[in-house]
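Notes follow the structure.
The values are calculated or read from the model by the stated rules, or taken from the named source; none is laboratory data. Quick caveat: nothing in here was measured; it's all calculated off a predicted structure. Glycine also receives a Cβ, built like all others from the backbone with ideal geometry; neighbour counts cover every protein chain displayed. Accessible surface areas use protein heavy atoms only, side chains included; no ligands, DNA or RNA. Shrake-Rupley method; radii C 1.70, N 1.55, O 1.52, S 1.80 Å.
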Amino acid sequence: MKLIKGFITVIGIIGILVIIALVTGYYLYLLTPPIQAEMYDPGQSREAFESFNQKFESFETEVKDAVDAGEEKELSLVITEKEINSKLIEVLAEGELPLREILVNFGKETFMIYAKVDVPGVDARIGAKGQIQALDGGLKVAIEDFDLGKLPLPQAATNGVEEVVNIMLKLRLADWPLEITNVEISNRELTVVGLTRTAD
């Protein structure tokens with residue numbers, strides 16, 4: 001009888017510990033990621049939004065013209081924090097992404113992202129910090145830190161997010177007739193340099 005009571009007591013204690021862990025985890029999930037404390041809002045404007053569109057359209061036109069002419073030409077695209085954040089406001093308004101908020105900062109050779117993801121029940125708050133590099137003619141993202149609220153995540157979670165991001169980038173850039181040769185983040189700007197590919 002004592003053995004049964006002892007067993008039930010142990011099960012009860014384990015159950016209480018599980019409930020405490022779940023409540024603590026849920027509370028940490030709701031908190032703002034530590035990365036957000038390092039970030040600032042560069043602001044958004046209609047002018048910056050239009051500047052982003054003009055730069056990108058001009059860049060695409062230059063790439064197409066060089067490819068059509070059979071020229072191997074070096075081209076560059078420079079995007080500021082304000083321009084990309086202004087563009088993201090439009091992307092959010094379109095409602096195609098499950099995001100409620102997003103903010104991007106360019107630091108010294110690094111980028112930082114904070115986003116509020118639309119999750120049934122309670123929105124998830126995520127933060128990420130990393131670098132972007134040119135690799136094998138494309139882009140590779142190396143994530144140094146990934147936060148989901150203030151939950152303590154294993155390194156495997158960060159590695160998993162990095163892998164998914166790089167797969168998506170590879171798919172998006174697969175048909176682009178531009179070999180990316182350099183990527184630089186400095187002075188609150190992202191600069192991408194590439195060489196147009198010519199048909200063999």
Lone unmet requirement of (1) in a strand (DSSP E or B); (2) among the charged types (D, E, K, R); (3) more than 25 Å from E90 (Cα to Cα) for K150: (1)
So I143, is it of a type in the set (A, V, I, L, M), open to solvent by 40 Å² or more (accessible area, probe 1.4 Å), closer than 30 Å to T181 by Cβ and part of a strand (DSSP E or B): no
Candidate set from segment 149-180 (those that are open to solvent by less than 70 Å² (accessible area, probe 1.4 Å) and not aliphatic (A, V, I, L, M)); member that is farthest from I35 (Cα to Cα): P177
Qualifying positions in segment 61-100 - more than 23 Å from S45 (Cα to Cα), part of a helix (DSSP H, G or I) and open to solvent by less than 80 Å² (accessible area, probe 1.4 Å): T61, E62, V63, A66, V67
Tally, over segment 18-48, of residues that are among the aliphatic types (A, V, I, L, M) and modelled with pLDDT under 75: 9
Where a residue in segment 89-100 is under 19 Å from P120 (Cα atoms) and touching a residue at least 12 places away in the same chain (Cβ under 8 Å) and its partner, wherever it lies, is assigned to a loop (DSSP other than H, G, I, E, B) and of a type in the set (D, E), with Cβ under 8 Å and at least six apart: P98/D118; L99/D118; R100/D118; R100/D123
Of all residues in segment 101-125 being charged (D, E, K, R) and over 14 Å from the mean Cα position of the chain (by Cα), the one that is surrounded by the fewest Cβ atoms within 10 Å (Cβ to Cβ): K108
Residue list for segment 156-200, filter: among the aliphatic types (A, V, I, L, M), part of a strand (DSSP E or B) and farther than 14 Å from G138 by Cα: I185, L190
Residue ID - nearest to P34 (Cα to Cα), chosen from residues in segment 100-139 that are at pLDDT below 85 and of a type in the set (D, E): D123
Where G137 falls short, out of the listed (1) more than 21 Å from A48 (Cα to Cα); (2) within 15 Å of the chain's Cα centre (by Cα): (2)
